[in-house]
Structures are given as structure tokens and as C-alpha cells.
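What follows is one structure encoded as C-alpha cells, with my remarks underneath.
The values are calculated or read from the model by the stated rules, or taken from the named source; none is laboratory data. On a predicted model such as this, the values are computed, not experimentally measured, just so you know. Here the Cβ positions follow ideal geometry from the backbone for every residue, glycine too, while neighbour counts run over all protein chains shown.
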Amino acid sequence: MPGQYCCRLLSFLVLIAIALPHLSSAQAVPAKTAPSLDSIIAHLREAADQNRMRWSSYRLVREYQMFHERNTAPMAQVKAELDYDPNGNSGYQILESKGNDRGSKIVSKLLDGEANGWSKCNRPHPPYAISRDNYDFSFLGTESLDGHQTYVIALHPRRKDSGLIDGKAWVDTESFLIRKIAGQEAKSPSWWVRNVTLTLTFGNFGGMWLQTMSQAVADIRLIGEYTMVGRAVGVETSEMARSGTFASAP
């Protein structure tokens, strides 16, 4: 997925489970001048559609770290390059892998799912979009997030689906683009996984609104808690490639 919340996030923790047999936010406050909830959701969908139309071919470098339990030192570190092509010729490659080789395998599976999900994001009605087809919403207030004013919206999935998130979204008050999503998967993707807690952040990256960070934390039966953190390092669009420039993460 080119950093878009409309695509299903494939849980790396499910992959761990399958492999086992073989191996600062402020308190949200009410906003008196905020538009209606219906207006916010309508503008949110319009902004997401417009952003999707701005996608162009790009090369994104992302770094992943995997942790077990409360260990501060990562058990695996992986650097990967994702190549997005709106014409369908998308893919990725692992540039570097350190530590436990399970990390590289899990990141590969994650990127397989992300690459497969790109085509779904380009549909007029993506299957996991933040929309009334998938969610009921409630307005929680406004909040300053990393220096940007946002509307805080509660996400209530309309069905039990691991591609949906039961949590909150922070919507930029100016652009109506989502800056952050946090919560739990609406359905555990596997018996092995007790629960999955997700945090996704987004920002302007090379002229496109892309995912800048992801964190997935889950309790796996028998083996404990695992955390996977992914951070975008830089992006190069086709236009940048012609001029020899590379945009660092915001």
C-alpha cells in the first residue's frame, strides 16, 4: 500500500504464528467551531480521493525493527525498497537484513501483502477505506498533533474484519487528510494472535500523502508480545529521479 489507510494491513504477527510449527498526545477537548461529523467524513473521503489521484510512480525506502517482549534492542532490522507503479508494475526488494532471519521473512510477507493491496487502493471504493461503508463514526473533539490541529474521530467497525480498526483517527483540520490512526484490529486474524494494536502515521512525502510510520504490537499465544516498527526513510518520484533528488521523511 502506498502508505494509505484504505488498504488492509497484513499483520506480521499472523506470519509469526504460522511459522511457529516450522521454526505525545494531548487530551482531546470538545471543539465548538468544528463542522458537523457528516461534513468531516465527506471532506475526508474527498481529500483521500484527490490524494489518490496525485499518486505517481515512486521509490520508497523503509526501515523495520522487530522487538520481543520489553527488550529495547531489536531482534531483527530490515531495510527495504518499495517501487510503486500506478500501471501495475509494482514490487519491492530487501536491501539489508540484520539479526534474526525471521525478521526478513516477515517483512517480505508484509510487503507481499502491501504490493497486492495497491491495486485495491486504486479502486473508486477501496475495501478498507475510512468510509461509512466500513465504519460508524463519532466526534471526540479537537487535538493538536505534532503542531497540527486535528479533528479526533472514533472509528467503530461495522463488521468483524481484521482489515478494519476499532480505534481513533486524527484528521487534519485544513486538508482533511488523516494524520494518524490508532486502535486494535476489529478481528483477530488468527487463533495464535490474542490481539493486535496498531498505530499508523501519515504526512506529505514527495508531494504525496503517504504512510510515514507504522507500529504493530500483539500478544502471541505461547511466545509473548512482539512489536514491529516500520519507518519511511525517503522517497523518490519519477520527477525526482529525472532531476536527481531524493526526499527525506518528514
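What number goes with the only condition from (1) closer than 18 Å to Arg45 by Cα; (2) part of a strand (DSSP E or B); (3) not aliphatic (A, V, I, L, M) that Arg132 does not pass?
Condition (2) is where Arg132 drops out.
Within the range 71-91, restricting attention to residues that are of a type in the set (Gly, Ala, Ser) and assigned to a loop (DSSP other than H, G, I, E, B), which residue is nearest to Asp101 (Cα to Cα)? Lay out the reasoning, then the answer.
Start the filter on the range 71-91 by keeping residues that are of a type in the set (Gly, Ala, Ser), which leaves 73, 76, 80, 88, 90-91.
Restricting the remaining residues to those that are assigned to a loop (DSSP other than H, G, I, E, B) gives 73, 88, 90.
Details: Ala73: 15, Gly88: 29, Ser90: 24 Å.
That would be Ala73.
Need pairs with beta-carbon distance below 9 Å; first residue closer than 22 Å to Ala232 by Cβ and at pLDDT below 90 and within the range 66-83, second of a type outside the set (Gly, Ala, Ser) and part of a loop (DSSP other than H, G, I, E, B); sequence gap 6+ or separate chains.
Taking only residues 6 or more apart or on different chains, the pairs are Leu82/Pro2; Asp83/Asn89.
Looking only at residues that are of a type in the set (D, E, K, R) and farther than 14 Å from Thr173 by Cβ in the range 32-51, which one is modelled with the lowest pLDDT?
Asp49
Quick one: in the range 180-206, which of the residues that are basic (Lys, Arg) and surrounded by fewer than 21 Cβ atoms within 10 Å (Cβ to Cβ) is nearest to Asp219 (Cα to Cα)? Don't jump to the end; show me each part of the working.
Quick first cut of the range 180-206, residues basic (Lys, Arg) only: 180, 187, 194.
From the residues that got through so far, the ones that are surrounded by fewer than 21 Cβ atoms within 10 Å (Cβ to Cβ) too are 187, 194.
Values: Lys187: 14, Arg194: 6 Å.
Only one residue fits best here, namely Arg194.
In the list Met213, Met240, Met228, which residue meets the criterion of being outside any strand (DSSP E or B) and either at pLDDT below 85 or not basic (Lys, Arg) (or both)?
None of the other options fit; the residue is Met240.
Within the group Leu198, Leu164, which residue is out of contact with any Lys or Arg (no Cβ under 9 Å at 6 or more places or on another chain) and farther than 20 Å from Thr33 by Cβ?
Sole residue among the options that is out of contact with any Lys or Arg (no Cβ under 9 Å at 6 or more places or on another chain) and farther than 20 Å from Thr33 by Cβ: Leu198.
Among the residues that make up the range 144-163, is at least one of them among the small types (Gly, Ala, Ser), in contact with a Phe, Trp or Tyr (Cβ under 9 Å, 6 or more places away or on another chain) and modelled with pLDDT under 95?
Scanning the range 144-163 turns up at least one residue that is among the small types (Gly, Ala, Ser), in contact with a Phe, Trp or Tyr (Cβ under 9 Å, 6 or more places away or on another chain) and modelled with pLDDT under 95.
Here is a check on your reading of the model: is Thr199 under 22 Å from Glu46 (Cβ atoms), part of a strand (DSSP E or B), at pLDDT 95 or above and hydroxyl-bearing (Ser, Thr, Tyr)?
It is false that Thr199 is under 22 Å from Glu46 (Cβ atoms), part of a strand (DSSP E or B), at pLDDT 95 or above and hydroxyl-bearing (Ser, Thr, Tyr).
Does Ala129 qualify as being at pLDDT below 90 and within 20 Å of Gln50 (Cβ to Cβ)?
The answer is yes for Ala129.
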